[in-house]
Amino acid sequence: MPDKSLESDSDRRAENHSEGRAETLLEAKSLSVSRGELQLFADRSFTITKGELVQLHGDNGSGKTTLLRALCTLMPLDEGELYWRGEQLPAARDSYFSEMAFAGHADGLKTGLTPVENLKWCLIDTPPDEDACYQTLAQTGLAGKEDLPCRVLSAGQRRRVVLARLLISKAVLWILDEPLTALDVSGRELVASLIEAHIEQGGSVIYSTHQPLPLSSRSADQTLMLPG
Amino acid sequence: MLDSFSTLIKRDLTLSLRRSSEWLNPLVFFVIVVTLFPLGVGPDGQLLSEIAPGVIWVAALLATLLALDGLFRDDYSDGSLEQLLLSPHPLPLLVLAKTTAHWLVSGLPLVILSPLLALLMQLPLQALPALLLSLVLGTLSLSLIGSIGAALTVGLKRGSVLLALLVLPLFIPVLIFGSGCVAAAASGFETSAQLSLLAGLFFLALALAPWAASAALRISVEA
C-alpha cells in the first residue's frame, strides 16, 4: 500500500477520534461515472461511516442506480477512488464483499428454487443453516411460503426473500437500490424497521428511493443529491 | 472456500434437474444429428464406419455449443450473476463450479449416450474405449473454452450466433485430436499420443479458462 493512503488513513482515524465520530466504512473520492456519452455525475466525494443512514436523491435517469452499482464495483469509474476501511477498491474487494450486501433492481433469486434454498445456497462467507433460513424468512413475513418455488411467489414476496438474504448475510453495509419496489404498506414498514434495526446494531445503509421510507425513530443522517 | 464450490454445483444441479429441457434438448439434438447421417448417406456400413468418428465428434461439439448459451444467461437476467460477482469467494472458483455443473448435465450425458450412437454408425467395437475417453476429455475442454465465450456474450441480446463464431475456431484443436483418436483406434492403431494431447488441452483450458471467463463476466455486467 502506498504511504500516502496510510497517512491519510491514520489522519482520518485521529480526526474521527477527536470528534468522537464512528469509523469510516466506505469513502468515495471525486467519483465520476458516465454511461456511454452521457456523464451522470462528476467529482462526487462522500463518506459512509458506521451506523449511518444515507439516502440518495435524484430524478429518473439522474444516475442513482449507476452510483450504487459503482459503489459495489459493478460499474467502472471514469475517475475517482473508492476506499473500504481505508483500503483502496477493487484491490480490497475480498474484505469488502464479505461485509457488504447489495440488493439491486433484479432480485438475484433463482425462481426454480424455494426461498429456503435461495438463502442457504447464497454464497456468503459462512453458509447459514436451514433453521436460521426458516427463522429469517418468518421475520420478513414469509412464514408458510418457505418451501414454494420462488416462481409462484409475487414480486413483493420475492422482495421479502431479498430482505431475508440481506439479514442472513450479516453484512455491515447494505447498498439498496429502490428497496420499496413492489412492496405493500406492511412491506414498506418492514423495510423501514429492518433498516432502523440494522443502524442501531452499528450497521450502515445507503439507499435510493422515490417513495418516502416510513422511518419511525430517525431520518437519514446524510442525503446525497444527484442533479437531473 | 471449497464449500462455495460444492454449494454452487449443488444449486446448479438442482436447478437443472427441475428444468429438464435445459439438458435434454442438447442431448436429443446430439442423437438426432447422428441418426441423420445413415439416412442421408445411405446404409453403407463401410462408409458409415469410416465417417463415424468425425460425425459423432462434430455432433457432440455442436450439442455442447447449443448448451453453452445457457451457462450464464439465466444468472445474468435474474440478477444472480451480480450476487455471484459480489460474493467474497474467488470468482474463478465459482466460474469453475458453474462450468463443472454445466458439464455434468450437458457433457456427461453425451459421453454416456455415445456408445449407442457408435453402434448405429457401425464404429468398430475396439474403438469404444477411445471414443469414451476422448469424449470425456474433449467435452470437458469444450465446456471450459466455451465458458469464456459464454461469459463474453452473456450481456448481448442475440449473443448465441456470436458465441458460435467466437468459440468454434477454438474448438478446432479439440475436434482434430478427438476424432483423430477415435479414427486411429478404429483402424487398430495406438491412441496414447492423441489422448495425451487431449489431456494437455484439457489442463491448459482448466488453468486459463476460469480466469478469462471471470474477467469477461465482470466486463459483461458493466454494461
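Between A:Gln88 and B:Leu47, the modelled label-to-label distance comes to 6.7 nm, taking each label 7 Å out from Cα in the direction of the beta carbon. With contacts taken as Cα pairs under 8 Å and at least 6 residues apart, the range B:2-222 reaches a relative contact order of 27 percent.
So between B:Leu108 and B:Lys10, what do we pick up on full extension, going 0.36 nm a residue minus the alpha carbon distance?
Working: separation 98, 0.36 × 98 = 35.28 nm, distance 1.62 nm.
Working it through step by step, the gained length comes to 33.7 nm.
Counting only DSSP H runs of at least 4 residues, each contributing -39500 (n - 2.57), and dividing by the residue count of chain A, the helix-based mean residue ellipticity at 222 nm comes to -10000 deg cm²/dmol.
In a reduced charge model with +1 at each Lys and Arg Cβ and -1 at each Asp and Glu Cβ, chain B shows a dipole moment near 260 debye about its Cα centre. Hey, could you grab the Kirkwood Rh for the protein assembly as shown? Inverse mean 1/r over distinct alpha carbon pairs, Å, one decimal. One decimal place: 24.3 Å for the Kirkwood radius.
Computed from the alpha carbon positions, the gyration tensor of chain A leads to an equivalent ellipsoid with semi-axes of 30, 20, 18 Å, biggest first.
Bridges between two residues of chain A, per DSSP, are antiparallel at a rate of about 45%. Cα centroids of the range B:73-127 and the range A:126-148: 30 Å apart. Rounded to the nearest Å, what's the spacing between the alpha carbon centres of the range B:35-69 and the range A:64-91? Just the number, please. When both Cα centres are located, 50 Å separates them.
In this calculation the C-beta distance from A:Ala138 to B:Met1 is compared with R0 = 25 Å, giving a FRET efficiency of 0.20. Figure legend: label point modelled 7 angstrom from the Cα of A:Gln201 along Cα→Cβ; residues of the range A:142-166 with amide N under 13 Å from it are A:164-166. Rounded to the nearest 0.05, the FRET efficiency derived from the C-beta distance between B:Leu125 and B:Ile219 at R0 = 41 Å is 0.30. A crude spin-label estimate for the pair A:Arg218 and A:Val185, with each label 7 Å from Cα along the Cβ direction, gives 2.6 nm. The distance linking the range A:24-57 with the range B:132-162 is 37 Å (Cα centroid to Cα centroid, whole angstrom). As a proxy for reagent exposure, ranking B:Thr99, A:Thr66 by other Cβ atoms within 10 Å from fewest up yields A:Thr66, B:Thr99. For the range B:87-223, the percent of C-alpha pairs falling in each 10 Å distance bin, counted from 0 to the bin holding the largest distance, reads 12, 37, 31, 15, 4, 0. A Förster radius of 22 Å, combined with the Cβ-Cβ distance separating B:Leu132 from B:Ile172, puts the computed FRET efficiency at roughly 0.50.
The numbers here are math on the coordinates, done by the rules we state, and not lab data. What you are looking at is a predicted structure, and each value in this text was computed from that prediction instead of being measured. All Cβ positions, glycine included, derive from the backbone under ideal geometry; neighbour counts span all protein chains shown.
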